[in-house]
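Following: one structure in structure tokens, then a few remarks.
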Amino acid sequence: MDWTRKQLSILGIVAITSFMGTFLISSINIALPAIEKSFSLNALELSWVVTSFLLSTAIFLLPVGRWGDLSGIKKLFKIGVVIFSLSSLICGIAGTGFWLILFRFIQGIGAAFTSTTGPAILVSSFSAKYRGRVLGMSVAAVYLGLAFGPFVGGFLTQYLGWRSIFFISAALGLTTAAIAFVFLGKDNIVDDTKKKINLKGTMFYIIGLICLVYGSSQIPAAWGWMLMFVGAIFLVAFWFIETRSYAPVIDTKLFSQNRLFAYSNIAALINYSATFAIVFLLSLFLQKVKGLNPRDAGLILVAQPIIMAIFSPIAGRLSDKIQARFLTTAGMAMCTIGLAAFYFIGETTPISLIVATLIWLGFGFAMFSSPNMSTIMGSVPKTAYGQASGTAATMRVLGQIVSMTIVSLFFASLFGKTAMEYVENDIFIKATNWAFASFALISFVGIYFSYKRGKVDKS
């Protein structure tokens, strides 16, 4: 392995930012009950502490991916780290739930900049034969963030308060920003007077996404269903506008003429739709139903991401040697079985069984994620790396939004705006069971797209 000092520096910077984002997401999940008590939030308002971050990330991922291809991915990466770091600091001093949700939204914008451009920077800095390996390392950093988040977040919440999570994230982010400005370097952009982005379609995308996500939180009210319908119409309109645009934010031909790219992205969307809300639900379940404190709940939730972090680089290296669809299909099948097992979770479920199921899911997700990302990035020319990376990140975040939307649907239907601490355990467990049943069915469909994507051209 003959990597230069510059390549190692780039790998380190991207890995740190990958760790930073998921660390914050997973640590905040474990702190949700404490945040609920601080601001007297109801169950739906509490879910928006997570959803607002995901929504803004999803809104900006596609335009940033296209913008990065035109103006420089390294520049946007640095901007994203700064936005993320400063908004983390402000989240830590938020005085009300409204301001926390608002600044979580801004934080998501910074995350969109880094998560779109990070993989593109890696792929453009290493030769094709190392693509799976370096992306596997980046994904491992993501899972290390997920692994440390519940444990460190639980410890900080219990002994220093939930605000300390944001302060530590801000300090880590600002340090990373300083390193990036020193070592990342500048983009080599060829001047092109035709560089533009048609934002008309993007407005349809933004409005559609907001209507869809906000509408889901207003169900079972009739206008909630109406908002979701309007949102779906706007998203369909966005696709048709992009298909006919002279300067699209997303090149729809990548989906219509490149099955390997299309099916890999659909598989990613399905996988994240089925798995993202696991930590959210189990964090509430362990603290509400099992009566654990944040520290102990965090220790249990560490099981899944630790397995992901260990085996993602291995799966990435395997995808450099064998066809990725065999690894991703096996991973999706394992996730389906694990999610189906969680359908039966209840008050008498042993902690050991929960941990064993999380470990199983960790294996499945590790088998799926790195090979799938390597396939996406390897299915497009170098000039489309930013867009491919942005599209893959968009599929991930849209999947996370779908996952939280499904949870919101069951929460709204079964206990509406009741504060979580006043919801009866049997009703909460019922919502959890139905959510996991939905996730298992979604994941089952993903097995088809994982296998049918086709073969990767190793040359």
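The values are calculated or read from the model by the stated rules, or taken from the named source; none is laboratory data. In this text the structure is predicted, and so the values were computed from the model without any measurement. We place every Cβ from the backbone using ideal geometry, glycine too, and count neighbours over all the protein chains shown.
Among the residues of segment 139-150, are any over 30 Å from residue 324 (Cβ atoms) and not hydroxyl-bearing (Ser, Thr, Tyr)? No, the conditions are met nowhere in segment 139-150.
So in segment 35-66, with the set limited to residues that are buried (at least 21 other Cβ atoms within 10 Å of the Cβ) and small (Gly, Ala, Ser), which one is farthest from residue 406 (Cα to Cα)? Filtering segment 35-66 for residues that are buried (at least 21 other Cβ atoms within 10 Å of the Cβ) and small (Gly, Ala, Ser), the one farthest from residue 406 (Cα to Cα) comes out as 65.
The residues of segment 33-55 that are more than 21 Å from residue 290 (Cβ to Cβ), more than 12 Å from the chain's Cα centre (by Cα), modelled with pLDDT of 80 or more and assigned to a helix (DSSP H, G or I), listed by number, are 38, 39, 45, 48, 49, 52. Just one of the numbered conditions (1) among the charged types (D, E, K, R); (2) modelled with pLDDT of 80 or more; (3) surrounded by fewer than 23 Cβ atoms within 10 Å (Cβ to Cβ) is not true of residue 421: (2). Being aromatic (Phe, Trp, Tyr), within 19 Å of residue 74 (Cα to Cα) and either in contact with a helix residue (DSSP H, G or I) (Cβ under 9 Å, 6 or more places away or on another chain) or not in a loop (DSSP other than H, G, I, E, B) (or both) holds for only one residue in 166, 151, 181, and it is 181.
Of the residues 297, 268, 333, which is in the same structural domain as residue 29 (by TED's automatic domain parsing), in contact with a Leu (Cβ under 6 Å, 6 or more places away or on another chain), of a type outside the set (D, E, K, R) and part of a helix (DSSP H, G or I)?
Details: 268 fails: in contact with a Leu (Cβ under 6 Å, 6 or more places away or on another chain); 333 fails: in contact with a Leu (Cβ under 6 Å, 6 or more places away or on another chain).
Of 297, 268, 333, the one residue that is in the same structural domain as residue 29 (by TED's automatic domain parsing), in contact with a Leu (Cβ under 6 Å, 6 or more places away or on another chain), of a type outside the set (D, E, K, R) and part of a helix (DSSP H, G or I) is 297.
With respect to residue 389, determine if the residue is in a helix (DSSP H, G or I) and within 24 Å of residue 262 (Cβ to Cβ). Yes, satisfied. Looking at segment 211-227, is at least one residue of a type in the set (S, T, N, Q), at pLDDT 85 or above and not assigned by TED's automatic domain parsing to the domain that holds residue 301? No: zero hits.
What about residue 116, is it farther than 30 Å from residue 293 by Cβ, assigned to a helix (DSSP H, G or I) and touching a residue at least 60 places away in the same chain (Cβ under 8 Å)? Spelling it out, residue 116 is indeed farther than 30 Å from residue 293 by Cβ, assigned to a helix (DSSP H, G or I) and touching a residue at least 60 places away in the same chain (Cβ under 8 Å).
Restricting 413, 408, 389, 369 to those that are surrounded by 18 or more Cβ atoms within 10 Å (Cβ to Cβ) and over 30 Å from residue 71 (Cα atoms) reduces the list to 408.
Of everything in segment 311-341 that is over 21 Å from the mean Cα position of the chain (by Cα) and farther than 15 Å from residue 371 by Cα, the residue that is surrounded by the fewest Cβ atoms within 10 Å (Cβ to Cβ) is 337.
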